[in-house]
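The values are calculated or read from the model by the stated rules, or taken from the named source; none is laboratory data. Remember, predicted model here, so these are calculated numbers, not experimental data. Don't worry about glycine lacking a Cβ; one is built from the backbone with ideal geometry, like all the others, and counts go over all protein chains shown. Note: areas computed on protein heavy atoms with side chains; ligands, DNA, RNA excluded. Shrake-Rupley method; radii C 1.70, N 1.55, O 1.52, S 1.80 Å.
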Number of protein chains: 2
Amino acid sequence: MHDVIMIGAGPTSMAAAVYTAREDIDTVLLEKGVIGGLAAITDKVDNYPGFPEGIEGAELADKLQKQAERFGAKIELDEVQSVEKIDGGFKLKTAIGEHEAKAILVGTGSEWKKLGIPGEKEFYGRGVHNCATCDGAFYRDKKLVVVGGGNSSAQEALFLTKFASHIDILIRGDKWKASEVLVEEVSKNDKIAVHFNTTTDEIIGGEEDGLPKVVNVKATKEGKATDFETDGVFVFIGLKPVTYFLDGSGVELDDYGFVKTDDKLMTNVPGIFCAGDVRSGATMQIASAVGEGASAALSIREYLENYDREMKSEV
Amino acid sequence: MHDVIMIGAGPTSMAAAVYTAREDIDTVLLEKGVIGGLAAITDKVDNYPGFPEGIEGAELADKLQKQAERFGAKIELDEVQSVEKIDGGFKLKTAIGEHEAKAILVGTGSEWKKLGIPGEKEFYGRGVHNCATCDGAFYRDKKLVVVGGGNSSAQEALFLTKFASHIDILIRGDKWKASEVLVEEVSKNDKIAVHFNTTTDEIIGGEEDGLPKVVNVKATKEGKATDFETDGVFVFIGLKPVTYFLDGSGVELDDYGFVKTDDKLMTNVPGIFCAGDVRSGATMQIASAVGEGASAALSIREYLENYDREMKSEV
């Protein structure tokens, strides 16, 4: 039985692991996707404190991983499917097998929401994307549609102008929900056209050189059906907390599906802690996720100290 | 009137300033002591996520400062003496003059506690110290007394063995309150002798080459008066939140004198926010302070947006 298993190996868990592993707490991180989480697939991180000129997301993720591993944390690629209370701790069923731990940190963060419209699933990864850093370069001198009106949409659209010849941003509401700096930058960029009061209805495929590709987005702009000719679609309509493996664990979620914690970052289930973008009240900032990871580690340490004391007194 | 004044220029405020200044929020930091706060006078910071091999405290502080200033934050050396609610914001009286701001971030952190025994004040800075990084090198091949039983005491004593020939650690309680790693390292170090159940009673001065110096520490070890011959004393008996300038501001403190906040890091006085080591519930970790600074910045942004809307609707 491990001391602590951290679910997800993003900035939250890696910061927590720096603390726990450094204190000789046996620490395992289980990651189902990308080590470094959303940070690792972010182009440039300008506001993680400590890097005056900014740092590439992948490089920051790499530094976090090295630091956690330097102190002895183990990172494994595996997907947690369920968490179950057992005597003296928890049993985690994973894609590969099973693990046991005295304490759990839920640090799975959030994933991009889907539009849920025809064509989205069909062309996912082949014309429909959620990561400009990963897939933007495929659209050199091409036309793109970006869906969403928040910070990510603005930021990623700006990044995509490095490649694309023209970008239509489709925003359901009548104004931006992004920061002023970004909105200003977008409005100054003559590669970008912003369309408010516009819902995205369908992604239409066609063919190029015998291969399927996205050719058109059908939308409704101010009540009128409108076509946006395009080569690809990037969807940034918000994030959804990753908690499916908590079904049946008894861990309480808030109305939006985020994990509720007390001021020690413990959930309603003693021994299960939570921090970062999956936590109710999260700010979706790397700095905050890292800070919460560190704080959660101190709470986990305290929990494990009490655990050891209780085990000894039972003998 | 500034948008936001941050009191203290440690990691908390500098992280917050990276966020606010980047969003074109007019941001001023007022620091009465060292820019970078306690972080700046820490020898090596091993657990601030992002630096796999650790980083010197002074270097980290410098990076944080550069990053905040890069986005336009202004850091001034001045001491805030009081905070008063005025129409549309707050008035701060300082050592040099006055400032006004729509919102305030209290990020003053904590200061080292004093023993309050004879000789401590008299020899402060000349034999009695709170900062091993700053003053340790004066004690090359000398004997030292370190007072305190927590992480800082252990950590700083270990650091001081670089210079000192022998260190007596005096601990009031019957055991360490430091982390296991540190306690183990201390116990392995044959330059250090640990004395439990020992209260420090008086610091005795003498003379060397015609100059006053510390020569002895009078203590009570297990009920018996005991002398510790020494050349200097380093006191690490805990931290005290820096809040004196909040007297009369109406800001609520907890039983230990730390500033109480809600989950948006706002105090009971709307417009006054608080984060980092001065906040009730603080973990005293740079990572957590930085994370809270970032989170507080988002709350301040939201507060200022509402403020501007209200001002406009009043016109």
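Numbers for the structure displayed
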read-out	value
Residue ID - farthest from the other protein chains (Cβ to nearest Cβ), chosen from residues in the range A:282-303 that are under 13 Å from B:Ala15 (Cα atoms) and part of a helix (DSSP H, G or I)	A:Ile286
Matching residues in the range B:56-82 - criterion: being open to solvent by 10 Å² or more (accessible area, probe 1.4 Å) and in a strand (DSSP E or B)	B:Glu56, B:Lys74, B:Ile75, B:Glu76, B:Leu77, B:Gln81, B:Ser82
Selection count, the range A:212-233, where residues are open to solvent by less than 50 Å² (accessible area, probe 1.4 Å) and within 19 Å of A:Gly173 (Cβ to Cβ)	6
Any hit, the range A:40-50, residues being hydrophobic (A, V, I, L, M, F, W, C), closer than 26 Å to B:Tyr19 by Cα and not in a loop (DSSP other than H, G, I, E, B)	yes
Restricting the range A:304-315 to residues that are under 16 Å from A:Ile25 (Cβ atoms) and surrounded by fewer than 19 Cβ atoms within 10 Å (Cβ to Cβ), the residue that is nearest to the other protein chains (Cβ to nearest Cβ)	A:Glu305
Total residues in the range B:97-115, condition at pLDDT 95 or above and either of a type in the set (Val, Ile, Thr) or open to solvent by 60 Å² or more (accessible area, probe 1.4 Å) (or both)	5
Candidates A:Ile96, A:Ile117, filtered to the one that is out of contact with any strand residue (DSSP E or B) (no Cβ under 7 Å at 6 or more places or on another chain), β-branched (Val, Ile, Thr) and in a loop (DSSP other than H, G, I, E, B)	A:Ile96
In the range B:86-144, the residues that are polar (S, T, N, Q) and without any contact (Cβ under 8 Å) to a residue 24 or more places away in the chain	none
Top-ranked residue in the range B:3-18 [being of a type in the set (A, V, I, L, M) and either over 13 Å from B:Leu304 (Cα atoms) or part of a loop (DSSP other than H, G, I, E, B) (or both); ranked as farthest from the other protein chains (Cβ to nearest Cβ)]	B:Ile7
Strands (runs of 3 or more DSSP E) wholly inside the range A:145-235 containing at least 3 residues that are more than 14 Å from chain B (Cβ to nearest Cβ) and touching a residue at least 60 places away in the same chain (Cβ under 8 Å)	A:198-208, A:211-221, A:232-235
In the range A:267-281, residue farthest from B:Ala287 (Cα to Cα) [restricted to those that are open to solvent by 10 Å² or more (accessible area, probe 1.4 Å) and within 13 Å of chain B (Cβ to nearest Cβ)]	A:Ser280
Those residues of the range B:24-52 which are in contact (Cβ under 8 Å) with a residue 40 or more places away in the chain and open to solvent by less than 40 Å² (accessible area, probe 1.4 Å), in sequence order	B:Ile25, B:Thr27, B:Val28, B:Leu29, B:Leu30, B:Glu31, B:Gly37, B:Ala39, B:Val45, B:Asn47, B:Tyr48, B:Pro49
Residue that is nearest to A:Leu115 (Cα to Cα), among those in the range A:127-167 that are surrounded by 24 or more Cβ atoms within 10 Å (Cβ to Cβ) and in contact with a Ser or Thr (Cβ under 7 Å, 6 or more places away or on another chain)	A:Val147
Residue within the range A:242-257 that is buried (at least 21 other Cβ atoms within 10 Å of the Cβ), touching a residue at least 12 places away in the same chain (Cβ under 8 Å) and in a loop (DSSP other than H, G, I, E, B) present	yes
Residue count, the range A:116-138 (criterion: hydrophobic (A, V, I, L, M, F, W, C), more than 19 Å from the chain's Cα centre (by Cα) and at pLDDT 90 or above)	2
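Quick grid of which residues meet (1) away from chain B (no Cβ under 12 Å); (2) of a type in the set (S, T, N, Q); (3) in contact with a helix residue (DSSP H, G or I) (Cβ under 9 Å, 6 or more places away or on another chain):
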position	(1), (2), (3)
A:Thr20	no, yes, yes
A:Asp43	yes, no, yes
A:Phe51	no, no, yes
A:Leu60	no, no, yes
A:Lys74	yes, no, yes
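Matching residues to (1) acidic (Asp, Glu); (2) farther than 23 Å from A:Leu253 by Cα:
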{"position": "A:His99", "(1), (2)": "no, yes"}
{"position": "A:Leu105", "(1), (2)": "no, no"}
{"position": "A:Thr108", "(1), (2)": "no, no"}
{"position": "A:Trp112", "(1), (2)": "no, no"}
{"position": "A:Glu120", "(1), (2)": "yes, yes"}
{"position": "A:Gly125", "(1), (2)": "no, yes"}
{"position": "A:Val128", "(1), (2)": "no, yes"}
{"position": "A:Cys134", "(1), (2)": "no, yes"}
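Residue-by-condition table, conditions (1) within 22 Å of A:Gly281 (Cα to Cα); (2) out of contact with any Pro (no Cβ under 6 Å at 6 or more places or on another chain); (3) at pLDDT 95 or above; (4) not acidic (Asp, Glu):
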| position | (1), (2), (3), (4) |
| --- | --- |
| A:Glu180 | no, yes, no, no |
| A:Glu184 | no, yes, no, no |
| A:Ile192 | no, yes, yes, yes |
| A:His195 | no, yes, yes, yes |
| A:Thr199 | no, yes, yes, yes |
| A:Glu208 | no, yes, no, no |
| A:Thr230 | no, yes, yes, yes |
| A:Leu246 | yes, yes, yes, yes |
